[in-house]
Structures are given as C-alpha cells and as structure tokens.
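Here it is: the structure, laid out below.
The values are calculated or read from the model by the stated rules, or taken from the named source; none is laboratory data. A quick note: this is a predicted structure, and the numbers were derived from the prediction, not measured. No Cβ is skipped: glycine too gets one built from the backbone with ideal geometry, and neighbour counts run over all protein chains shown.
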Amino acid sequence: MTQTSPTIRVEAFGGPDAMHLVDLPVGDPAAGEIRIRHHACGLNFIDVYQRSGVYPLPLPLSLGMEGAGVVEAVGEGVTHLKAGDRAAYASNPPGSYCALRVMPAKCVVRLPEAIDFETGAAMMLKGLTAQYLLKKTLPQGGLQAGDYVLFHAAAGGVGLIACQWARALGLQLIGTAGSDEKCALAKANGAAHTINYRSEDFVARVREITGGAGVKVVYDSIGKDTFDKSLDCLRPFGLMVVFGNASGVAPPVATGTLAAKGSLYLTRPTLFTHIATREATQAMADDLFDAVTSGKVAIRIDQRYPLKDAAQAHRDLEARKTTGCSVLLP
C-alpha cells in the first residue's frame, strides 16, 4: 500500500532556504524495516551539516536523524517491534523531517509509556550522545565522583542533558555558553561552574576553578573556535573529545602538540558507531530511559516548530538563538 507524506527535501546543498516541503510516496516496509508515523521529529546540528554539505550525502536528500511516533507496519524479520508500538529512534539514514517514513528497524526502540512523543523525539540523538560521552568516552583511569570535566555549549540540547547526568554521577561539570542567561540555564540544570566564553577567558577560568590542575576531559561540539584553547584546559594525560563542529571543523593538530601539552589523548567519536547494532542501541536507550523516568534527567523542549517552518528552525539553530531541545511537529 502506497501512501504520501509531507517531507522536507533538499535538492542542492545550501542555506535554510534549500529545504522544501514536498509530498513523497511511502510504501510498505521490506525485510528489516518498519513504517512509522511521526508525532514529533527532532532537530539537531548534524541536520545543518548535512543540509549545507559539510557532511555531503547523495542528493536529493531528506533531512532528520531522530523522531518518535507509532509503528504502522513491520517487515519480515523484525521481532522487537510490532504495529501499534510507541517508538523512538536516532538513526541513519536521515529522513525524519516528515509525517510518515519507512526506515531500518535496528535503531528503533519501544518508547516507555511514561515518556511522551515530543520528549521522545527530542531526547534520542542528544540523550544517546550524552550517554556515550559520559559513560563510554572516558579519560585514562575513567571518571570518578568529584572529577572536573569541561563541556562546551552547556545550554544546548546535548549540554543540558549532560549537565544533569554529570550531576547525577557526582562530576564537577564546568559548562561554557555564549551569554549570562545561557550560563544561568546550565547552572540551573546541574553545571557545577559556568563560564561565559564571550566575556571571560575560559582557559584562565578553568585553571582557577581546578586550582591550576586542569580537567580530565573536554567535551567539545563547537570545533574551530574552541579547539586550541580546549587543549590548554586539560591536565596531563587528559582526553580531548571533539564530537561536533558548530563553529567549523576543528583544525589539524600536530602529534607533537599533544606531547608538549602533557601526553594528551584526542578522539573524534560519533553516535552512529556506538549504535551500530540493535543490542548496543537498546542497551544505551535503556540507560537513557532510566535516567529520564527516574527524574535524574529532564528533557527541556524550548522550541516547537511546524514541519513547514523547518527553515526557520535551522536559522534559529545556526544563530545560536535556541536553548535546550527543539522539535518539528508534522
């Protein structure tokens, strides 16, 4: 059975105006696939990278990496989901900016009844990212209660989740943001210390906060604007984690620089390596769902846009006007 779905489509890489709302046919799921009707779709900076061509993908391109809704049909071999299940996902390939889609089933999980669809759509990519950062992407010797970590963009979608989760783990999270208001938001969500990087030297402040020792790990989704100074915030054997590039791609670094600054470690992880199997996805999602349903982590949705206004959502995201999470509503 073929239906149609309003879908955001990109025919050529470019700015927000490169996105267009079109009706596309949606058929039945093949083996290993499901058809899901979205109640809400998540908005993430990776969508901007894909729309602009920073992460080039084949065109024409449907955008969006996360969503939540109800499973309408399952293909052969899909046993962990059935028609009628409430479900949520962060998954490749992109295509969640729509009302209805067919997609691989392996990264789709059942959504607990205690979590509404908007929260499910807002939390999956950002929450699973916070999970793999704080639980899997760790410095030498791991992280223990009381350890200092530096987290850039602490008032963003991933940042606010990480602030809360770090607090629950007993970590001293130092969060940076671009305004006093955003710093206050990060502090209210669990950051032990905050730094307005527009008015303060974050390297000097990190050294002051840590008594000159530096932090064990920096989690950096900003990239070009923060990378070099972030290295100077690390203690010997510290770990530099670049997991995004909101300001542009981080510059190349000579291996000798890592030696000179204290035998530092550098990694560039991605969520999709961590959720490459259904079992890994389920285990990480279970950890995230537990953090949310237990009250340790609250998912803050500060912006809601109709699907047709996806271009404005991208403009706001790129201008750093957003806080917390944003969702598109089909």
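From the list Gly67, Gly95, Gly84, Gly32, exactly one residue is under 26 Å from Leu288 (Cα atoms), among the small types (Gly, Ala, Ser) and crowded, with 23+ Cβ neighbours inside 10 Å. Which is it?
Numbers: Gly95 fails: crowded, with 23+ Cβ neighbours inside 10 Å; Gly84 fails: crowded, with 23+ Cβ neighbours inside 10 Å; Gly32 fails: crowded, with 23+ Cβ neighbours inside 10 Å.
From the options Gly67, Gly95, Gly84, Gly32, the qualifying one is Gly67.
For Thr210, indicate whether it is at pLDDT 95 or above, outside the structural domain of Thr322 (by TED's automatic domain parsing), among the polar types (S, T, N, Q) and surrounded by 15 or more Cβ atoms within 10 Å (Cβ to Cβ). Walk me through how you get there before you give the answer.
On the way: at pLDDT 95 or above: yes; outside the structural domain of Thr322 (by TED's automatic domain parsing): yes; among the polar types (S, T, N, Q): yes; surrounded by 15 or more Cβ atoms within 10 Å (Cβ to Cβ): yes.
When the stated conditions are applied, Thr210 passes them.
Can I ask one more? For segment 181-202, name all the residues that are modelled with pLDDT under 95 and either assigned to a strand (DSSP E or B) or in contact with a strand residue (DSSP E or B) (Cβ under 6 Å, 6 or more places away or on another chain) (or both).
Of everything in segment 181-202, just one residue is modelled with pLDDT under 95 and either assigned to a strand (DSSP E or B) or in contact with a strand residue (DSSP E or B) (Cβ under 6 Å, 6 or more places away or on another chain) (or both), namely Tyr197.
Any chance segment 303-318 includes a residue that's hydrophobic (A, V, I, L, M, F, W, C), under 17 Å from the mean Cα position of the chain (by Cα), assigned to a strand (DSSP E or B) and surrounded by 20 or more Cβ atoms within 10 Å (Cβ to Cβ)? So that I can check it myself, show each step before the final result.
So in segment 303-318, the residues hydrophobic (A, V, I, L, M, F, W, C) come out as 307, 310-311, 313, 317.
With under 17 Å from the mean Cα position of the chain (by Cα) added as a condition, the list becomes 313, 317.
Those left that are additionally assigned to a strand (DSSP E or B): none.
The answer is no; no qualifying residue exists.
Also, I was wondering about something else. Restricting to segment 171-182, name every residue that is within 15 Å of Arg205 (Cα to Cα) and crowded, with 24+ Cβ neighbours inside 10 Å.
Leu173, Ile174, Gly175, Thr176, Ala177, listed by residue number.
Further question on the same structure: Taking segment 228-283 on its own, how many of its residues are without any contact (Cβ under 8 Å) to a residue 60 or more places away in the chain, farther than 19 Å from Pro139 by Cα and surrounded by 18 or more Cβ atoms within 10 Å (Cβ to Cβ)?
Here the count works out to 1.
Using beta carbons and a limit of 6 Å, which pairs, at least six apart or on different chains, have the first residue in segment 8-22 and assigned by TED's automatic domain parsing to the domain that holds Leu61 and on the phi < 0 side of the Ramachandran plot and the second one of a type in the set (Lys, Arg) and assigned to a strand (DSSP E or B)?
Within 6 Å, the pairs are His20/Arg9; Val22/Arg9.
Somewhere in segment 111-132, is a residue touching a helix residue (DSSP H, G or I) at 6+ places or on another chain (Cβ under 6 Å), crowded, with 23+ Cβ neighbours inside 10 Å and not in a helix (DSSP H, G or I)?
Yes, segment 111-132 has at least one match.
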